[in-house]
Amino acid sequence: MTSTFKQFIESIAGEKAPGPATTFSVSHIFYALELMAERPIGRNKLAEKLSVGEGAIRTITNHLKDADLIVTSKTGCTLTAKGLSIWKKFEKFFPTRVEIGKTELTTAEHNYAFLVKNSGHKVKSGIEQRDAAIVAGAQRAVVIVSKGGHLIIESVSNSIEKEFPKAANQILKVIQPEDNDVIIIAGADILQKAKHAAFAASWALLDGDKEK
């Protein structure tokens, strides 16, 4: 169940009494795992990449170790078999993650896109996902559903490729959605904010439906 996976990840990011309150979010867990999936990485480099302090990165790695997702050694932090399995689940949900240039639809200085698989039916107005992105630091966010061969933004356009052809071409050049997939693009003044916001909006779509 997606809900079980979501609860597990959120429990890792949650507070662990009697320790201090956490200063990071689920998106930090996601991006930490993404970096470790590429190669072992030291704490200092991880802190730099995630833009968090020494204390926060120590807490993040401790939580990941307690969950048996990583091991630490002189070479850095490395995913365990369980950690790799968790990362593969993330990649199944969010197989494409990429920076997008400015367009009519993506006007912020930095724009980052997530492809969320088979989740178009969960998008109602898109407000919930946009709100999640704004809370996470986005200046704006766009929620696009691939439906019936068209890219749709609820209450804005039933065919982006007809009404915003340049934007559609730029998006489709780097993301190839299938029917019922969702493209979420978050824009912010710095790339790190855009990435965290795009994740937050995408994470909001994993609402407990059974994996398909």
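For the stretch 83-100, filtering for residues that are in contact with a His (Cβ under 9 Å, 6 or more places away or on another chain) and within 25 Å of residue 4 (Cβ to Cβ) leaves 0.
Condition check ((1) of a type in the set (Asp, Glu); (2) touching a helix residue (DSSP H, G or I) at 6+ places or on another chain (Cβ under 9 Å); (3) closer than 19 Å to residue 24 by Cβ) across all residues:
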| residue | (1), (2), (3) |
| --- | --- |
| 70 | no, yes, yes |
| 79 | no, yes, yes |
| 82 | no, no, no |
| 95 | no, no, no |
| 100 | no, yes, no |
| 130 | no, yes, no |
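Report the residue count in the stretch 89-110 for those that are under 14 Å from the mean Cα position of the chain (by Cα) and surrounded by fewer than 16 Cβ atoms within 10 Å (Cβ to Cβ). Total satisfying the criteria: 6. Pairing residues of the stretch 101-129 that are on the phi > 0 side of the Ramachandran plot with residues that are in a loop (DSSP other than H, G, I, E, B), at Cβ distances under 7 Å and at least 6 apart in sequence or on separate chains, gives 118/180; 118/181; 118/212; 126/154. Could you go through the stretch 118-133 and let me know if any residue there is in a strand (DSSP E or B), hydrophobic (A, V, I, L, M, F, W, C) and modelled with pLDDT of 95 or more. No, that holds for no residue. Filtered by the rule that a residue be in contact with a helix residue (DSSP H, G or I) (Cβ under 8 Å, 6 or more places away or on another chain) and β-branched (Val, Ile, Thr), the stretch 151-168 gives 152, 153, 160.
Within the stretch 17-53, the set of residues being modelled with pLDDT under 90 and either out of contact with any Ser or Thr (no Cβ under 9 Å at 6 or more places or on another chain) or of a type in the set (Gly, Ala, Ser) (or both) comprises 17, 18, 19, 21, 25. I'd like the full set of residues that are within 20 Å of the chain's Cα centre (by Cα) and crowded, with 19+ Cβ neighbours inside 10 Å, limited to the stretch 56-69. Within the stretch 56-69, 57, 60, 61, 63, 64, 69 meet the criteria. Quick one: is residue 174 β-branched (Val, Ile, Thr) and in contact (Cβ under 8 Å) with a residue 60 or more places away in the chain? In short, yes. State all residues of the stretch 23-82 that are part of a helix (DSSP H, G or I), closer than 18 Å to residue 5 by Cβ and in contact with an Asp or Glu (Cβ under 7 Å, 6 or more places away or on another chain); if no residue qualifies, say none. Scanning the stretch 23-82 gives 26, 82.
The values are calculated or read from the model by the stated rules, or taken from the named source; none is laboratory data. Bear in mind that the values here come from a model prediction, so they are computed numbers and not experimental data. Reconstructed Cβ throughout: ideal geometry from the backbone, glycine too, with neighbour counts over all protein chains shown.
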